[in-house]
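Q: First the structure, then my questions, so here it is.
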Amino acid sequence: MALPPSNTGTNTGEGGKDARKPTAEDEVIIREIDDAVRQDDALQFFQKYGVVIGSLVAVILVGLGGYLVWNSQAEAGLEADSEQLITVLDSAQSENFEQVRERAAPLLDNDTPGVRTSARMLQAAASLELGEATKAVEMYAAIAEDAEAPQALRDLARIREVASNFDEREPADIIAKLKDLAVPGNAFFGSAGELTAIAHLEAGDRAQAGALFAAIAKEEDLPETLRSRSRQMAGLLGVDAVEDVEQLLEDEGVVPASAPIGAASQ
């Protein structure tokens with residue numbers, strides 16, 4: 001579905017604002033939008049690159065989950081299990097995904113749910129990287145349904161399950177599956193919210209998509225790259241996601257820190 005060209009990012013509103021000349025603020029936002037839709041289809045951009053980025057984030061989060069399990073437990077054998085997880089992560093970092101599956105295999109029957117689930121997550125990620133998407137989706141789905149697995153990893157597995165075969169899913173299925181995660185305040189709001197917003201867009205619900213993108217853009221705890229993408233998409237859909245224009249201009253280097261907003265046009 002092709003999105004409107006970048007000039008839709010210009011704000012319209014009361015008082016005939018649509019007739020005003022572009023300001024420095026407009027130029028910043030338009031430049032951001034143009035970067036996002038360089039291929040003239042922002043939706044395809046997110047579908048093509050969002051899952052790849054998500055895969056890297058998933059590996060990092062799994063590593064963090066393994067560390068937290070190690071740090072929060074005191075069982076005698078857990079340290080050795082954690083060291084084994086670290087060797088698996090080393091293989092993932094070096095992109096040796098066959099080795100990831102081999103090294104993770106002994107941990108799949110571990111008595112500690114956190115260790116066991118982390119190993120399963122890493123094996124699923126390896127399968128995905130090796131082109132076995134169907135297998136990876138099945139593994140993620142099984143983790144998401146495992147009542148013994150840590151809730152954080154179950155939620156992450158649900159996101160990865162959806163992201164791994166996003167194109168094959170109906171938008172309504174995606175929205176329903178991620179509904180409780182795609183809310184501000186949830187630890188996975190950024191990833192779940194972005195996937196849900198794209199699903200709304202595919203379903204033709206531009207209003208819901210724009211509102212969700214705007215909500216992501218306004219979450220200060222989320223990565224700036226994600227907030228920037230979401231701000232661009234919200235602008236394309238006619239939703240203003242810029243709360244502090246002066247701060248945005250400063251971040252973009254249009255005006256120096258502490259400089260008055262009017263300096264941007266001089």
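Q: Give the residues of the stretch 151-202 that are surrounded by fewer than 24 Cβ atoms within 10 Å (Cβ to Cβ), within 21 Å of residue 132 (Cβ to Cβ) and among the polar types (S, T, N, Q), sorted by residue number.
A: Within the stretch 151-202, just 165 meets the criteria.
Q: Taking residue 92 as meeting all but one of (1) at pLDDT 75 or above; (2) over 28 Å from the mean Cα position of the chain (by Cα), write down the number of the exception.
A: Among (1) at pLDDT 75 or above; (2) over 28 Å from the mean Cα position of the chain (by Cα), residue 92 violates only (2).
Q: While we're looking at this one, here's another question. So which residues in the stretch 208-238 are basic (Lys, Arg) and in contact (Cβ under 8 Å) with a residue 60 or more places away in the chain, if there are any at all?
A: Listed by number, the residues that qualify are 229, 231.
Q: Right, something else. Do any residues in the stretch 95-115 that are under 18 Å from residue 135 (Cβ atoms) have Cβ atoms under 7 Å from those of residues that are outside any helix (DSSP H, G or I), where the two are at least six apart or on different chains, and which pairs are they?
A: Final answer for the pair search is 97/130.
The values are calculated or read from the model by the stated rules, or taken from the named source; none is laboratory data. As the structure is a prediction and not an experimental result, all values here were calculated from the model. Every residue, glycine as well, gets a Cβ built from its backbone with ideal geometry; the counts of neighbours run over all protein chains shown.
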